[in-house]
Amino acid sequence: MIYFSEKNVSSDPNGASAALLPPVFEANGRELPFTVTEDGSFVCGTLSANDQIESLGDGLFRVRRTVENTGRSARVGKLIAEVRDEFIPDKSCIPCVMFDENEKSGGKEPHGLSKDGEPWVFAYDRCGIPSCTLTENENIVCALFASDKDASSLVSSCALIREENGALRHRIYYPVTEAPYSYIDHDVMGDRYDTYLTILPGERFETEFYLYIGAPKWKNFGTASLLDRIHTVFPFRHEPELTVRETHDASVEHCKFFLCDYAGAKMFCNAMRNDPNSDGIYMPYPVFEAGWSGQCFKCARLFINEYANGGDREMLDIGLSCLDAWMEAQEENGLFPINYSRHISKQYLPSDVCNYGWAAAEASKSYTLLYELGIDRARYLEFAERLCSFFIDHYDEKTGFGLKWNLNGTKAADGGSIGAFMIMGLIETYKASGKTRYLDAAERAMELYAARDIDNFVCTAGAIDCACLDKETAYPFIVSALDLYEIRGNARYLEIAEKAAYYFHAWTFYYDALYDADSDFERLGYYTSGGTAVSTQHPAIDPWGAIVIPDYMRLARFTGDKRWNDRARALWCNCMLCITPAGGRTLHGHKRPAGLQSEAFFQARWTRYRRSCEARGHLNDMFVTWPAAFRLTTIDRIERELDGDFSVIEKIEKEK
């Protein structure tokens with residue numbers, strides 16, 4: 001048996017953090033362990049195996065494993081690589097899939113490390129780092145993950161198995177297994193999924209994987225240490241498909257597609273999808289959302305910004321029409337229906353703090369922008385102040401700003417990290433008004449939420465169509481903590497921003513998964529690296545990373561760690577993939593106009609809005625404004641806040 005510490009690999013278990021166990025071959029449902037020979041190789045019947053171990057420094061080890069069939073008949077089954085912790089972990093993580101066994105998730109996705117006595121096994125393409133399992137305590141972090149060197153190494157699955165003493169075993173299965181069930185749709189389990197190796201007589205199967213041993217960057221942040229170390233293991237290999245200008249223009253076209261006239265005002269539609277009765281796209285029911293998915297407030301401000309930059313009066317009129325209408329929806333207590341259509345129909349539902357935080361922030365920004373243009377819209381700031389004041393008055397020292405509120409001002413639900421969006425709104429309202437009560441409230445809430453959630457490497461409920469751990473909720477912590485750091489100069493806020501950014505980036509894909517030639521991904525040129533998984537309940541990839549790019553760039557400036565710029569560029573490259581080109585295209589039998597982009601990209605055996613999960617690598621047919629609005633926001637913020645330095649994200653033209 002081979003033992004590993006951060007600096008050494010040896011046969012001595014003293015001081016070791018992990019042990020590499022002999023391979024296992026699974027055939028006909030039985031696990032057949034290899035035995036160790038005198039020369040250190042392994043045998044299992046007619047299979048022989050040997051490992052080549054290389055220390056790459058800073059706690060990273062590469063294992064190259066070769067298995068040969070020395071018999072006269074083919075061997076069919078699965079090869080399992082296994083590492084055992086030599087410590088008792090406090091936390092575990094399977095990036096994008098399971099954070100601390102998803103014990104804080106309210107969804108029906110996999111929970112715990114096992115189900116019905118069998119370990120949960122997840123395909124590599126569900127994990128941001130291929131087939132990665134990570135364990136940690138306060139002093140040690142251990143991670144096992146696959147290599148993307150070739151298909152034999154990459155196409156795999158992973159699991160964690162608890163030993164009787166509390167230690168965990170990390171596993172990589174070759175090729176793909178999903179068991180005891182496969183999570184195939186929102187809160188839906190399907191049958192297990194098995195694929196097998198066939199090793200012919202005299203044939204060799206070669207694979208490569210990595211083991212990392214280190215110390216957590218902060219308590220609970222072993223994943224941050226891993227992300228820093230693998231930066232060169234999985235170098236980002238792509239360039240932006242569009243220039244910044246081309247991305248801007250396509251994003252404006254995307255937003256224009258969602259414009260409509262509703263109840264006498266300009267509004268931005270949401271949740272559009274393929275029309276079952278034509279080859280077009282339609283909105284099946286009226287929904288105009290303030291923030292989150294619909295981003296009405298943000299789109300309106302961005303249209304006003306287009307007027308500021310180019311003088312197009314129509315863009316100004318659209319933005320003002322939209323925001324003016326929203327102002328009329330506010331109640332005296334500061335709240336309003338977050339779906340504008342419910343203001344018209346008077347059919348109210350509880351409204352979430354995510355939308356309210358976005359609305360307060362964007363109303364304040366719109367007021368400031370219009371003030372700079374010499375246009376009086378003081379009521380936009382009054383709107384934001386009234387909304388923020390409601391949440392200051394109803395703040396709870398244990399639950400913060402709550403989760404959902406009824407229009408009459410009574411709380412409908414608590415829970416989640418979603419209150420961070422109101423912190424963002426408070427800070428923007430402070431910037432616009434200069435009133436320190438909003439800043440003070442933001443600081444008080446930041447410390448509550450950061451100590452409870454961010455410091456524990458967890459965020460929940462920002463993706464409000466889920467009830468689980470997600471990445472979206474980390475964003476307001478990043479941007480707001482950086483703002484507080486700039487305003488107050490308190491190093492604690494920079495630490496919170498870093499922690500939140502590492503958590504956010506733990507949802508990022510570091511490699512390009514493999515797909516059939518007839519998949520949407522292959523036909524349209526989509527790749528997974530730089531994409532971000534949605535949540536544990538919705539294991540798809542989306543371009544949400546676009547919004548955080550300016551803040552990664554700020555982190556690079558404040559910390560001196562230029563890896564944040566590299567991470568920002570990867571997010572940017574991915575967030576423009578599969579934007580419909582000029583002239584439009586027909587996909588899935590429906591016409592898409594120029595500039596339009598899907599909301600999500602289904603990289604694994606999981607689907608929504610489609611009957612079968614088997615078509616890995618397909619674009620979904622849900623259309624919303626936020627992908628384009630987030631790209632436009634990033635371009636605007638780099639121009640305004642980062643000296644117009646687009647070098648981090650600009651396309652590098654190749655010399656002819």
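Run the accessible area of region 500-656 with a 1.4 Å probe and give the carbon-and-sulfur part as a rounded percent. It would help to have the intermediate numbers written out before the result.
Working: 2410 of 5160 Å².
That fraction is 47 percent.
Residue farthest toward the positive end of the dipole of the chain, with Cβ of Lys/Arg at +1 and Asp/Glu at -1: which of Phe297, Cys142, Val353?
Of the listed residues, the answer is Phe297.
State the percentage of accessible surface on region 1-133 attributable to carbon and sulfur atoms; use a 1.4 Å probe and exclude ligands, DNA and RNA.
Percent of accessible area from carbon and sulfur atoms in region 1-133: 43.
Among Ser153, Thr46, Phe509, flag the residue with its Cα farthest along the positive direction of the charge dipole of the chain, charges on Cβ as +1 for Lys/Arg and -1 for Asp/Glu.
Result: Phe509.
Show me the trypsin sites (Lys or Arg not before Pro) within region 1-109 that DSSP assigns to loop and that have at most 16 other Cβ atoms within 10 Å of their Cβ.
Sparse-neighbourhood loop trypsin sites (Lys or Arg not before Pro): Lys7, Arg72, Lys108.
For His170, tell me the accessible area in Å² from a 1.4 Å probe, rounded to the nearest 10.
0 Å²
Using alpha carbon centroids, what distance separates region 510-533 and region 207-223, in Å?
When both Cα centres are located, 26 Å separates them.
In debye to the nearest 20, how big a dipole does region 259-304 give about its Cα centre with +1 on each Lys and Arg Cβ and -1 on each Asp and Glu Cβ?
Dipole of region 259-304, to the nearest 20 debye: 240 debye.
Which distance in Å, rounded to a whole number, links the C-alpha centroids of region 32-105 and region 110-183?
Value for the Cα centre distance between the two parts: 11 Å.
Select from region 28-66 those GluC sites (Glu not before Pro) which occupy a DSSP coil region and have at most 15 other Cβ atoms within 10 Å, ordered by residue number.
Those that pass, being in a loop and sparsely packed, are Glu38.
Pick the calculated mean projected area of the Cα convex hull in nm² for this structure from (i) 53.3; (ii) 30.4; (iii) 69.1?
(ii)
Given a Förster distance of 60 angstrom, what is the FRET efficiency for Asp12 paired with Lys346, based on the Cβ-Cβ distance and rounded to 0.05? Could the numbers behind the result be given before it?
Values: r = 74 Å, r/R0 = 1.23.
Plugging the Cβ-Cβ distance into 1/(1 + (r/R0)^6) gives 0.20.
Carbon and sulfur together cover what percent of the accessible area of region 180-266 at a 1.4 Å probe radius?
Of all accessible area on region 180-266, carbon and sulfur atoms account for 48 percent.
Keeping all protein chains in place, calculate the accessible area per residue for the chain (probe 1.4 angstrom), answer in Å². Don't skip to the answer; put the middle values down first.
Details: 24230 Å² over 656 residues.
Dividing the accessible area of the chain by its residue count gives 37 Å².
Nearest 0.05, what FRET efficiency do His231 and Ser55 give at R0 = 25 Å with Cβ-Cβ as r?
So, using R0 = 25 Å, E works out to roughly 0.90.
Find the centroid of the Cα atoms in region 263-307 and in region 557-572, then give the distance between the two in whole Å.
Answer, in whole Å: 32.
Assigning unit charges at the beta carbon (Lys, Arg +1; Asp, Glu -1) and nothing else, what dipole magnitude in debye, to the nearest 20, does the chain show about its Cα centre?
Numbers: 70 positive and 96 negative charges, 83 e Å.
With Lys and Arg at +1 and Asp and Glu at -1, about 400 debye.
Name the residue from Ser389, Tyr212, Pro284 whose Cα lies farthest towards the positive end of the charge dipole of the chain, charges +1 on Cβ of Lys and Arg and -1 on Cβ of Asp and Glu.
Farthest along the dipole direction, towards plus: Pro284.
The values are calculated or read from the model by the stated rules, or taken from the named source; none is laboratory data. Nothing here was measured: the structure is a model prediction, and the numbers come from that model. Methodologically, a virtual Cβ is constructed for each residue, glycine included, from the backbone with ideal geometry; neighbour enumeration extends over all protein chains shown. Note: accessible area is taken over every heavy atom of the protein model, side chains too, but ligands, DNA and RNA are not part of it. Shrake-Rupley method; radii C 1.70, N 1.55, O 1.52, S 1.80 Å.
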